[in-house]
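> Okay, handing you the structure first.
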Protein chains: 2
Amino acid sequence: MPSTATPTTLAPTPSARIGHAPINFAHKFSQIDALWQPRVVAEMNDYQFKLARIEGEFIWHRHADTDEAFIVVQGRLRIELRDGDVELNAGEMFVVPRDTEHRPCALGEVWLMLVEPRGVVNTGDSGGERTAPNDRWL
Amino acid sequence: MPSTATPTTLAPTPSARIGHAPINFAHKFSQIDALWQPRVVAEMNDYQFKLARIEGEFIWHRHADTDEAFIVVQGRLRIELRDGDVELNAGEMFVVPRDTEHRPCALGEVWLMLVEPRGVVNTGDSGGERTAPNDRWL
């Protein structure tokens, strides 16, 4: 009987060959139960990919020694900078240059991915009560 | 007169304060006109974020000195590894460890983001005609 399947040039992977699991962002975010608490989901050399659910305003801070990449997975994020702001929607990113004061402000709840070197503290050189522990994996 | 606006704790950004532009992935992908030609869209320290449109099978190769992060923005990607494969849909990522042979296979067209150190060559130590030039920005 004729097949109605769409032709493909790539054979499907036999299930026996599946040996590794992908990191699914939506699934990881669903496991995060606190705001402003970044969770590590992957490492690449000495860099980490961190996911965070955030809402409202953070504090002004800077990271003296490193750039910091922000990728918005869901929601709308404003990053305030001293010389003007940037607004990010889902599917957009921005790299805050090292030693640049900035303040993330989530306009409603935002699902955020950060990429930065292992050991970077969320509050940079400002410290204080909003400092989150590092190296908490999901 | 009473306002019907939804209450918010965050004032909107006055347009005069917008000073920086986000990187919009969909817009960047729409500007890529060739398959398997990664384009740099951002740098963070000595790392690069690259976007590529890919389709079909690549070649087996390895990067002796670095891990390599794959993030699927659209489509479905299988990364074959010698000890089993991983399949990624949109919103999923995987980090191929350094010195690990792998072969990306896009099941239909895939919009892919790579994160890796500046200077990494797409064909790793295999070289050949599918080697793409580096440091081409969008």
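The values are calculated or read from the model by the stated rules, or taken from the named source; none is laboratory data. A quick note: this is a predicted structure, and the numbers were derived from the prediction, not measured. Here the Cβ is made from the backbone with ideal geometry for all residues, glycine too, and neighbour counts use every protein chain on show.
> If you go through segment B:55-82, how many residues are of a type in the set (A, V, I, L, M, F, W, C), within 11 Å of chain A (Cβ to nearest Cβ) and surrounded by fewer than 16 Cβ atoms within 10 Å (Cβ to Cβ)?
0
> Out of A:Ala52, A:Ala90, report the one residue that is aliphatic (A, V, I, L, M) and either buried (at least 22 other Cβ atoms within 10 Å of the Cβ) or more than 10 Å from every other protein chain (Cβ to nearest Cβ) (or both).
The match here is A:Ala52.
> Now for a different question. Being in a loop (DSSP other than H, G, I, E, B), small (Gly, Ala, Ser) and without any contact (Cβ under 8 Å) to a residue 40 or more places away in the chain is the filter here; which residues of segment B:58-102 pass it?
Listed by number, the residues that qualify are B:Gly75, B:Ala90, B:Gly91.
> Can you pull out every residue in segment A:103-120 that is among the hydrophobic types (A, V, I, L, M, F, W, C) and either within 10 Å of another protein chain (Cβ to nearest Cβ) or closer than 23 Å to B:Val95 by Cα (or both)?
Scanning segment A:103-120 gives A:Cys105, A:Ala106, A:Leu107, A:Trp111, A:Leu112, A:Met113, A:Leu114, A:Val115, A:Val120.
> A follow-up question, please. Any residue at all in segment A:103-113 that's part of a strand (DSSP E or B) and at pLDDT below 95?
yes
> Being more than 12 Å from the chain's Cα centre (by Cα) and not in a loop (DSSP other than H, G, I, E, B) is the filter here, so list the residues in segment B:114-130 that pass it.
Across segment B:114-130, the qualifying residue is only B:Pro117.
> Within the bounds of segment B:86-99, is there any residue that is closer than 24 Å to A:Glu92 by Cβ and touching a Leu at 6+ places or on another chain (Cβ under 7 Å)?
The answer is yes; a qualifying residue exists.
> Pairs please, first residue from segment B:28-44 and facing chain A (nearest Cβ under 10 Å), second anywhere and polar (S, T, N, Q), Cβ atoms under 7 Å, 6+ apart in sequence or on different chains.
From segment B:28-44, no pairs qualify.
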